[in-house]
1. Spin-label point model (7 Å from Cα, Cβ direction): what's the Ser222 to Asp552 distance in nm?
2. Scan the chain and hand back the longest stretch that contains none of the trypsin sites (Lys or Arg not before Pro) lying in DSSP loops with at most 16 other Cβ atoms within 10 Å.
3. Give me the dipole magnitude in Debye, nearest 20, for the chain about the Cα centre, with unit charges on the beta carbon: positive for Lys and Arg, negative for Asp and Glu.
4. With charges set only on the Cβ (+1 for Lys and Arg, -1 for Asp and Glu), what does the dipole of region 253-341 come to about its Cα centre, in debye to the nearest 20?
5. Which one, [x] -0.94; [y] -1.21; [z] -1.04, gives log10 I(q)/I(0) by the Debye sum over Cα atoms at q = 0.10 Å⁻¹ as derived from the coordinates shown?
6. Mean Kyte-Doolittle of at least -1.0 plus a Cα span of 30 Å or more along the axis: flag which DSSP H helices in the chain meet both, please.
7. Tell me which residues come under 5 Å, amide H to amide H, from Thr495 once H is placed; ignore anything under 5 positions away on its chain.
8. Can you give the convex hull volume per residue for the Cα atoms of region 336-682, as a whole number of Å³?
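FYI, it's all coordinate maths here, none of it is from the lab. Predicted, not measured: the structure shown is a model, and the values here were computed from it. Every residue, glycine as well, gets a Cβ built from its backbone with ideal geometry; the counts of neighbours run over all protein chains shown.
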Amino acid sequence: MARPFHSIYSHGFIRSAVCVPSLRVADPVYNLEHTLELARRASDHHAAFVLFPELGLSAFSNEDLFHQDALLEAVREALAELIAESRNLSPLLLVGAPLRFQGKLFNCALAIYRGKVLGIVPKTYLPNYREYYEKRQFVSARYALEPEVRFQDQSVPFGNDLIFEAENLPGFALHVEICEDMWVPISPSAYGALAGATVLANLSASNITVGKTDYRRLICASQSAKCISAYLYSAAGYGESTTDLAWDGHAMIYEKNVLLAETDRFQTEEQIIFADIDLERLLQDRMRTTSFQDSVVEHRERLMAMRRIPFEFKIPEGVIPLTREVSRFPYVPGESAARDDRCYEVYNIQVHGLMKRMSAAGVEKLVIGVSGGLDSTQALIVAARTMDRLGLPRTNILGYTMPGFATSGTTRSNACDLMNALGVTAREIDIRPTCLQVFKDIEHPFAQGEKRYDVTFENVQAGQRSAHLFRLANFHNAIVLGTGDLSELALGWSTYGVGDQMSHYNVNGSVPKTLIHHLIRWVVKTGQFSEETGAVLEAIAGTEISPELVPDEHGDGTKPFQKTEAVIGPYELQDFNLYYITRFGFRPSKVAFLSYCAWNDSACGVWPEILPPSQRHEYDLSAIKRWLKVFLYRFFKTSQFKRSALPNGPKVGSGGSLSPRGDWRAPSDSEATVWLDELHRNVPD
């Protein structure tokens, strides 16, 4: 990695800026001064490009003054100075100006970079309704007779079909449109995106009327989502004429339906907003979204006519920290209302999936192993609500605790208390006698009194639990409800075959561990069950995660001895790794960079409000690298064969599932070498 690890430009990000400058109507000298001031600020912040409003050098509200030679000549003089000054600025500038070519006046956007005009984009769709009379002053881009124009003694590409593409920064491809161009059914930027532009920029003036703000947000968000792109929008602010209109200076930066930055409206001071755009994320999504590529083919002829304007982008040097927020818990919304909505949907997807499976299988009973841990708890409360929705008694849930050689008093008590509080049929089966018989049959040293706690010792217990559950299901005409979650499947933390990897139906299979924590707390918070049940659920949510397979010879047996996260890593880190590796296919070094930004800088990382301070941790880069290495080895090398034989279960989120019938299809015999090597080469120790 040639550039510093801690720079955004080393990981596929670019910094963008949108400006709302102070201006005066028909005063290009004043407007140039304020445009340059904001451009210098953007340059000081290492922005790759900066967007200004429509007709910003002249002001938008000149009306018939646009036909005055004095104003048009003053704009050209201002542009000449701006182009000269841009030699010492880092960003590509997108500025608006009225320009006369071929005997016609065009409403234009100029792409200016380091002393050169890369291209000029005329406005295509001129509104001529209600308060707009733009066809009185300007003509559309379609009236251009030539693909190039003479400007400032150079031949400059001219048209709405230009894509400005940085040859040395993969993914930095920019398309420009102007105001009304976005409001039509098929905008020029749609073709720009299909032709490869990842960043769509709109120079707008956009007067304000009641209700227009929400519509602006909606249309920008929608365009960024449909085009799998970033969408930047500027608008005129204080200083435009208020003869008949008002202006609120509304500027926004979206990335695929996510609002990254937005100005405060109705300000008298000029504003600049910044956002770091993840180009690699956009490229990854486009690559795997086959319908997007189908759309490219549908419009092939038009897209082949698009013109690419290459330029060499001078990448800012040094350490440039990420400024966008990175959630420590990508599966868990940080804001309470959004988190409640997420939990509501996940919970009900699980319930509806199980309802359908029971109906289709013609069974009215469920068998479930209840350990007192998070996963079996979530599966059990889903089962209870499913019985309620089907009009069946909760006693049709046959819950079994199956203590083994390391079952703690805490989890055993929690399991019994939860089953009693929910009113399910609770039973206990001590699996130690059958396990001992297996040890004798296979001549394991434990049967002769040796304290050998190896993987066989652990898996015999897991296997006996599952064997009992399946035979109980046969006996009671029921199905076995699985409990293993997405995080465990990713890390291969399950016993294959007749073990906790297998069931008749698994409602937790695409729910990560970090989200299960919040699902259980949401069930308590929203009063889904009785207060007694809620108290037990709170106790379970606060218990440390353990497989409880190896006994503590020196403890009192009240608390779990084994600590899962000491072996496979903290689930909060591993869920983070899982999300970015599987959802976006990012390189390990980029995942490590994002993880470092999330877990070490409170300005970037986001804690869900529900997580108490006592459960908040930070991780330095060495810990992040250590556990990411564990994740990569276990995920790619050792555990795919378990995922290839997963039982059915509903996909619950866009974060994905690992079912071979759904989001993840991979060979069971893969190596992890390329991922581990990339991590080793590009992440400092």
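1. 5.8 nm
2. 315-450
3. Its charge dipole is roughly 1800 debye.
4. So the dipole magnitude of region 253-341 works out to roughly 480 debye.
5. This structure yields the entry labelled [x].
6. Length and hydropathy pass: 336-361, 455-476.
7. Residues meeting the criterion, in which the H sits 1.01 Å from N, are Asp500, Gln501.
8. Spelled out: Cα convex hull of region 336-682, divided by residues, is 143 Å³.
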